[in-house]
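J.: I'd like to ask some things about the structure below.
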Amino acid sequence: MLMPLLHARYAHTNLTAEDWEALAAFYERVFGCEPVLPQRDYHDQALTSEGNARQRGIHMRLPGHGPEGPTLEIFGYDPLSNRARTAPNRPGFGHIAFEVDDVAAARAVVVAEGGSALGEVASHTTALGRTVTWAYVADPECNVIELQQWG
């Protein structure tokens, strides 16, 4: 193993939202992410390359990693720029993934809660003989989520 140039620990992933409160509620309700208070409210010229902006949002503790685990930072900006639709095969950050007990059931819950399905449920046996089942879905703001189950 190579020695890293920095001593680092993963902290969070940022998700810029059109409606940060509704999106945070979706991740809390569907995946069990827990709000980490306080909510943030920043107003600073250095927040974006376009100058004066307001940034509001919250960190959501990701499930399965305990009280000090990483977070999903869901923030909204004012003003907010337009964006292209996210796709699993677009360069850059593609998706976040949650391990679930039943991919098909989890996919149905995401859709029922305002998300959408992106393709079908698929399975693959790895070179090590383990089976992984997955599906891509999107949250209500079209951010891609992978649901995965290992057998």
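The values are calculated or read from the model by the stated rules, or taken from the named source; none is laboratory data. Please read all numbers here as calculations on a predicted model, not as lab measurements. We place every Cβ from the backbone using ideal geometry, glycine too, and count neighbours over all the protein chains shown.
J.: Checking Glu146 against (1) modelled with pLDDT of 95 or more; (2) of a type outside the set (A, V, I, L, M, F, W, C); (3) in a loop (DSSP other than H, G, I, E, B); (4) within 30 Å of Gln55 (Cα to Cα), only one condition comes out false. Which one?
T.: Unmet for Glu146, out of (1) modelled with pLDDT of 95 or more; (2) of a type outside the set (A, V, I, L, M, F, W, C); (3) in a loop (DSSP other than H, G, I, E, B); (4) within 30 Å of Gln55 (Cα to Cα): (3).
J.: Look at Phe75 and say whether it is over 24 Å from Val132 (Cβ atoms), aromatic (Phe, Trp, Tyr) and touching a residue at least 24 places away in the same chain (Cβ under 8 Å).
T.: It is true that Phe75 is over 24 Å from Val132 (Cβ atoms), aromatic (Phe, Trp, Tyr) and touching a residue at least 24 places away in the same chain (Cβ under 8 Å).
J.: Cβ-Cβ below 8 Å, separation at least six or inter-chain, first residue in segment 94-122 and in a helix (DSSP H, G or I), second of a type in the set (Phe, Trp, Tyr) and at pLDDT 95 or above: which pairs?
T.: Val103/Trp134; Ala106/Phe98
J.: Name the single residue, out of those in segment 13-35 being in a strand (DSSP E or B) and of a type in the set (Val, Ile, Thr), that is nearest to Leu147 (Cα to Cα).
T.: Among residues in segment 13-35 that are in a strand (DSSP E or B) and of a type in the set (Val, Ile, Thr), the one nearest to Leu147 (Cα to Cα) is Thr13.
J.: With the requirement that a residue be within 19 Å of Gly94 (Cβ to Cβ) and not basic (Lys, Arg), what does segment 106-132 give you?
T.: Answer for segment 106-132, where residues must be within 19 Å of Gly94 (Cβ to Cβ) and not basic (Lys, Arg): Ala106, Val110, Gly115, Ser116, Ala117, Leu118, Gly119, Glu120, Val121, Ala122, His124, Val132.
J.: Take Arg56 and tell me if it is in a strand (DSSP E or B), in contact (Cβ under 8 Å) with a residue 12 or more places away in the chain and closer than 15 Å to Thr16 by Cα.
T.: yes
J.: What residue, of Val121, Val109, Val137, is of a type in the set (Val, Ile, Thr), out of contact with any strand residue (DSSP E or B) (no Cβ under 8 Å at 6 or more places or on another chain) and surrounded by 12 or more Cβ atoms within 10 Å (Cβ to Cβ)? Full working, then the answer.
T.: Details: Val121 fails: out of contact with any strand residue (DSSP E or B) (no Cβ under 8 Å at 6 or more places or on another chain); Val137 fails: out of contact with any strand residue (DSSP E or B) (no Cβ under 8 Å at 6 or more places or on another chain).
Every option except Val109 fails the conditions.
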